[in-house]
Amino acid sequence: MKTRTMVGLLSCLTLVIFIYITPPASAASAEEEALQVMSNWVKALNTLDYEVMKSLYWKSPKASGFGPSKGDAFLTQGWEAIMKGFDSFPSLPAGTYSVASHHAQATMLGDNVAVLTQYFIGVYTC
């Protein structure tokens with residue numbers, strides 16, 4: 001059941017929204033920087049580095065995440081609530097699963113707010 005839950009969670013996750021504070025001006029556009037954050041998040045997920053994943057969220061009660069959860073809550077609001085969701089991630093040996101992302105897009109809502117969307121496909125190997 002745990003395996004099925006993990007596969008279901010990773011394969012059904014189609015939309016994640018991160019509200020991200022853009023660092024001071026750099027050579028990359030704001031959209032590119034926001035997409036890099038998401039790319040780093042996926043890399044951290046594939047290596048089970050939950051600390052890096054957590055560090056990439058905006059530490060604010062205004063942070064929001066969308067996706068399936070055990071509590072059937074589609075929307076999770078607030079950094080603390082999002083971090084509680086990491087408690088449900090199972091402890092898996094590295095290499096037993098992988099996550100690929102497709103069609104990543106960043107939509108800037110302001111100078112320091114981005115909506116990031118993409119499709120995730122997760123594969124779990126028993």
The exposure ranking of I82, I121, fewest beta-carbon neighbours within 10 Å first, is I121, I82
Among Y119, Y97, Y124, which comes first, then next, by fewest other beta-carbon atoms within 10 Å?
Y119, Y124, Y97
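Every number in this text was worked out from the coordinates using simple rules, so none of it is lab data. None of these values were measured; they are calculated from a predicted model. Positions of Cβ are generated from backbone atoms using ideal geometry, with glycine treated the same way; all protein chains shown enter the neighbour counts.
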